[in-house]
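**Student:** Just dropping this structure here.
The values are calculated or read from the model by the stated rules, or taken from the named source; none is laboratory data. Bear in mind that the values here come from a model prediction, so they are computed numbers and not experimental data. Neighbour counts are summed over all protein chains in view; Cβ atoms, including those assigned to glycine, are modelled from backbone coordinates with ideal geometry.
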Amino acid sequence: MQAKTYLVGGAVRDALLGFEAVENDWVVVGSTPDEMLADGFKQVGASFPVFLHPESGQEYALARTEKKQGHGYHGFSVDFHPEVTLEEDLERRDLTINAIARDESGRLIDPFDGQKDIEGKVLRHVSDAFAEDPLRVLRVARFAARFADLGFKVHESTIALMREITQSGELLHLSPERSWREIERAMMTARPSVFVSVLRECGALEVLLPEVDVLFGVPQPEKYHPEIDTGVHVLMALDCAAEISDGNAAVCFSVLLHDLGKGVTPPSEWPAHKGHEAAGLPLVDAVCQRLKAPNAMHDLVRKVSEHHLNCHRVLEMRPAKVLNLLQALDVFRQGRILPDFVTACEADYRGRLGLKKRAYPQGEYLKKAHQAAASILARDLDLSGISGPAVGERLRQARIQAIADL
């Protein structure tokens with residue numbers, strides 16, 4: 001049997017959608033690991049054979065079938081003998097639009113009508129095997145966010161299957177690393193709100209991010225939030241963040257979690273949420289630790305949660321208070337955090353019903369205040385006759401004056 005190679009998955013899908021493929025994935029039918037190694041490929045897969053091409057470095061995987069035998073990512077038995085067909089390999093994939101292959105002559109092999117679903121803008125599962133990997137709940141939600149602006153929607157039958165997976169408890173067996181990778185990639189799409197909405201529709205948001213799920217239905221003062229519902233505000237702010245940050249995952253994730261404190265305000269105190277900034281910090285920590293989010297991102301989320309209202313009010317602050325905010329953000333040591341912090345705050349400020357286009361001069365002012373204060377160094381001051389804490393106070397007063405002179 002002569003081995004045949006096919007381009008599969010995202011590269012084929014994106015070409016049909018008119019996008020340039022980021023990477024190419026290949027499936028090899030009718031070969032064995034020994035034959036691949038003999039041809040100069042380097043094996044990198046542990047649980048199933050994946051090989052790197054000796055020249056291009058692209059991934060080539062042997063056609064395989066999978067059968068679930070337990071929980072989690074490793075609870076599968078994998079069969080990759082040479083008789084596994086291309087159709088059998090495609091059948092184990094998640095969505096029909098990802099189950100199209102192209103042979104070396106350019107002919108498309110589409111046994112599950114993925115081209116039809118591309119034309120109809122439908123995200124539909126290939127088979128009931130979809131349910132064997134709970135991560136696909138997050139993947140479908142991410143694809144829905146990625147292709148939302150093209151008009152793609154998740155098919156009702158797939159939502160129903162995602163709901164069954166959620167109710168089965170399988171999501172609880174996902175590793176934090178796998179969940180985080182999908183969440184982070186979803187934050188980089190043009191419409192991360194769709195990711196959240198799809199998870200909520202199938203019940204997965206309550207399992208994966210209960211701290212966000214409870215925000216829906218929690219009212220806010222209409223004077224500041226014409227949309228009223230906190231969850232709706234988060235969705236609006238998320239998409240605003242994606243737009244003004246060009247899909248910066250750290251900014252968008254910070255916006256996703258910035259109002260968690262409103263979820264723990266007693267209903268007797270609605271619609272006000274006094275102190276929600278500080279109240280949200282333990283919840284932010286819980287989410288970031290549970291998902292094993294990177295430390296730098298965790299730090300940004302905490303600062304946005306704690307100080308977003310201070311950023312909104314910065315034009316009303318005395319110079320000393322502005323300096324206090326800059327010091328709380330630690331921007332004199334971590335200057336690169338300030339642009340992301342300001343962008344997240346701007347998304348919160350503009351992500352409200354009818355207010356998307358309003359200006360945010362607070363952000364530019366805070367950046368200028370930082371530049372003015374940071375330009376004042378202790379070595380440039382007259383420190384004759386003082387030492388110890390007095391030096392720090394002299395520097396502080398000089399920086400306050402620099403901000404006042406703006």
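**Student:** Give Asp299, Asp285, Asp340 a once-over and let me know the one that is at pLDDT 95 or above, under 27 Å from Pro210 (Cβ atoms) and either touching a His at 6+ places or on another chain (Cβ under 9 Å) or not assigned by TED's automatic domain parsing to the domain that holds Val251 (or both). So that I can check it myself, show each step before the final result.
**Tutor:** Details: Asp299 fails: either touching a His at 6+ places or on another chain (Cβ under 9 Å) or not assigned by TED's automatic domain parsing to the domain that holds Val251 (or both); Asp340 fails: either touching a His at 6+ places or on another chain (Cβ under 9 Å) or not assigned by TED's automatic domain parsing to the domain that holds Val251 (or both).
One residue alone meets the criteria, Asp285.
**Student:** Shifting gears a bit: Which members of region 105-119 meet the condition of being out of contact with any Phe, Trp or Tyr (no Cβ under 8 Å at 6 or more places or on another chain) and either at pLDDT below 95 or more than 13 Å from Phe143 (Cβ to Cβ) (or both)?
**Tutor:** Kept after step one, since they are out of contact with any Phe, Trp or Tyr (no Cβ under 8 Å at 6 or more places or on another chain), are these residues of region 105-119: 105-108, 110-119.
Result: Ser105, Gly106, Arg107, Leu108, Asp110, Pro111, Phe112, Asp113, Gln115, Lys116, Glu119.
**Student:** A further question follows. Of all residues in region 209-234, count the ones that are surrounded by 23 or more Cβ atoms within 10 Å (Cβ to Cβ), part of a helix (DSSP H, G or I) and either within 17 Å of the chain's Cα centre (by Cα) or not β-branched (Val, Ile, Thr) (or both).
**Tutor:** 3
**Student:** Only one of these is over 18 Å from the mean Cα position of the chain (by Cα), of a type in the set (Gly, Ala, Ser) and under 20 Å from Arg124 (Cα atoms): Ala144, Ala160. Name it. Working first, answer last.
**Tutor:** On the way: Ala144 fails: over 18 Å from the mean Cα position of the chain (by Cα).
Answer to the selection: Ala160.
**Student:** Is there a residue being at negative phi, within 15 Å of the chain's Cα centre (by Cα) and either loosely packed, with under 15 Cβ neighbours inside 10 Å or among the polar types (S, T, N, Q) (or both) anywhere in region 248-262? Let's see the steps before the verdict.
**Tutor:** The first filter runs over region 248-262 and keeps only residues at negative phi, leaving 248-262.
Filter again for within 15 Å of the chain's Cα centre (by Cα), leaving 248-258.
Now drop any that are not either loosely packed, with under 15 Cβ neighbours inside 10 Å or among the polar types (S, T, N, Q) (or both), which leaves 248, 254.
Among the residues of region 248-262, at least one is at negative phi, within 15 Å of the chain's Cα centre (by Cα) and either loosely packed, with under 15 Cβ neighbours inside 10 Å or among the polar types (S, T, N, Q) (or both), which makes the answer yes.
**Student:** Out of the residues in region 29-59 meeting the condition of being touching a helix residue (DSSP H, G or I) at 6+ places or on another chain (Cβ under 7 Å) and under 26 Å from Leu95 (Cα atoms), tell me which one is modelled with the highest pLDDT.
**Tutor:** Step one: of region 29-59, the residues touching a helix residue (DSSP H, G or I) at 6+ places or on another chain (Cβ under 7 Å) are 29, 43, 49, 51.
Still in the list and also under 26 Å from Leu95 (Cα atoms): 29, 49, 51.
Numbers: Val29: 93, Pro49: 77, Phe51: 90.
So the residue we want is Val29.
Conditions tested, residue by residue: (1) surrounded by fewer than 18 Cβ atoms within 10 Å (Cβ to Cβ); (2) within 14 Å of Val255 (Cβ to Cβ).
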site: His308; (1), (2): no, yes
site: Val314; (1), (2): no, no
site: Leu326; (1), (2): no, no
site: Leu329; (1), (2): no, no
site: Phe341; (1), (2): no, yes
site: Gln362; (1), (2): no, no
site: Tyr365; (1), (2): no, no
site: Ala374; (1), (2): yes, no
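**Student:** Only one of these conditions is not met by Thr189: (1) in a helix (DSSP H, G or I); (2) within 17 Å of the chain's Cα centre (by Cα); (3) of a type in the set (S, T, N, Q); (4) surrounded by 21 or more Cβ atoms within 10 Å (Cβ to Cβ). Which number is it?
**Tutor:** (1)
**Student:** Starting from residues that are in a loop (DSSP other than H, G, I, E, B) and β-branched (Val, Ile, Thr), keep the ones in region 1-59 and report whichever is surrounded by the fewest Cβ atoms within 10 Å (Cβ to Cβ).
**Tutor:** Just the residues of region 1-59 that are in a loop (DSSP other than H, G, I, E, B), to begin with: 1-3, 9, 18-24, 30-32, 39-41, 44-49, 53-58.
Within this subset, residues satisfying the condition of being β-branched (Val, Ile, Thr) are 22, 32, 44.
Details: Val22: 8, Thr32: 15, Val44: 10.
Within region 1-59, the match that is surrounded by the fewest Cβ atoms within 10 Å (Cβ to Cβ) is Val22.
**Student:** Something else now. Could you figure out which of (1) assigned to a helix (DSSP H, G or I); (2) more than 20 Å from Trp180 (Cβ to Cβ); (3) aliphatic (A, V, I, L, M) isn't true of Val301?
**Tutor:** (2)
**Student:** Filter region 92-132 down to the residues that are without any contact (Cβ under 8 Å) to a residue 60 or more places away in the chain, under 12 Å from Gly9 (Cα atoms) and in a helix (DSSP H, G or I) and list them by number.
**Tutor:** Correct list: Thr96 only.
**Student:** Ala390 - would you say it is assigned to a helix (DSSP H, G or I) and either farther than 21 Å from Asp246 by Cβ or charged (D, E, K, R) (or both)?
**Tutor:** Values: assigned to a helix (DSSP H, G or I): yes; either farther than 21 Å from Asp246 by Cβ or charged (D, E, K, R) (or both): yes.
Judged against the criteria, Ala390 is a match.
**Student:** In the list Leu323, Leu329, which residue meets the criterion of being in contact with a Lys or Arg (Cβ under 7 Å, 6 or more places away or on another chain) and free of Cβ contacts under 8 Å to residues at least 60 places away in the same chain?
**Tutor:** On the way: Leu323 fails: free of Cβ contacts under 8 Å to residues at least 60 places away in the same chain.
Leu329 is the lone residue from the list that is in contact with a Lys or Arg (Cβ under 7 Å, 6 or more places away or on another chain) and free of Cβ contacts under 8 Å to residues at least 60 places away in the same chain.
**Student:** Take Ala250 and tell me if it is part of a loop (DSSP other than H, G, I, E, B) and within 23 Å of Asp340 (Cβ to Cβ). Spell out how you get there, then give the answer.
**Tutor:** Working: part of a loop (DSSP other than H, G, I, E, B): no; within 23 Å of Asp340 (Cβ to Cβ): yes.
Criteria not met by Ala250.
**Student:** OK, next. Considering only region 278-293, state which residues are crowded, with 20+ Cβ neighbours inside 10 Å and free of Cβ contacts under 8 Å to residues at least 40 places away in the same chain.
**Tutor:** Within region 278-293, Gly280, Val284, Cys288 qualify.
**Student:** Quick check on region 367-387: of everything there that is part of a helix (DSSP H, G or I) and not charged (D, E, K, R), which residue is modelled with the lowest pLDDT?
**Tutor:** Restricting attention to region 367-387, the residues satisfying the condition of being part of a helix (DSSP H, G or I) are 367-374, 378-380.
Within this subset, residues satisfying the condition of being not charged (D, E, K, R) are 369-374, 378.
Details: Ala369: 97, His370: 97, Gln371: 97, Ala372: 96, Ala373: 96, Ala374: 95, Ala378: 82.
This residue is Ala378.
**Student:** The conditions are (1) at pLDDT 90 or above; (2) touching a Leu at 6+ places or on another chain (Cβ under 9 Å), and Glu91 fails exactly one of them. Which is it?
**Tutor:** Looking at each condition in turn, Glu91 falls short on (2).
**Student:** Does region 317-337 hold any residues that are in a loop (DSSP other than H, G, I, E, B) and either among the charged types (D, E, K, R) or in the same structural domain as Ile403 (by TED's automatic domain parsing) (or both), and which are they? Outline the logic, then answer.
**Tutor:** Narrowing region 317-337 to residues in a loop (DSSP other than H, G, I, E, B): 317-318, 329-336.
Answer for region 317-337, where residues must be in a loop (DSSP other than H, G, I, E, B) and either among the charged types (D, E, K, R) or in the same structural domain as Ile403 (by TED's automatic domain parsing) (or both): Arg318, Asp330, Arg333, Arg336.
**Student:** Name the single residue that is farthest from the chain's Cα centre (by Cα) among those in region 74-131 being hydroxyl-bearing (Ser, Thr, Tyr) and surrounded by fewer than 20 Cβ atoms within 10 Å (Cβ to Cβ). Can you show your working first?
**Tutor:** Going residue by residue through region 74-131, those that are hydroxyl-bearing (Ser, Thr, Tyr) are 77, 85, 96, 105, 127.
Cutting the leftovers down to surrounded by fewer than 20 Cβ atoms within 10 Å (Cβ to Cβ) gives us 77, 85, 105, 127.
Working: Ser77: 30, Thr85: 35, Ser105: 37, Ser127: 27 Å.
Going through the qualifying residues, I end up with Ser105.
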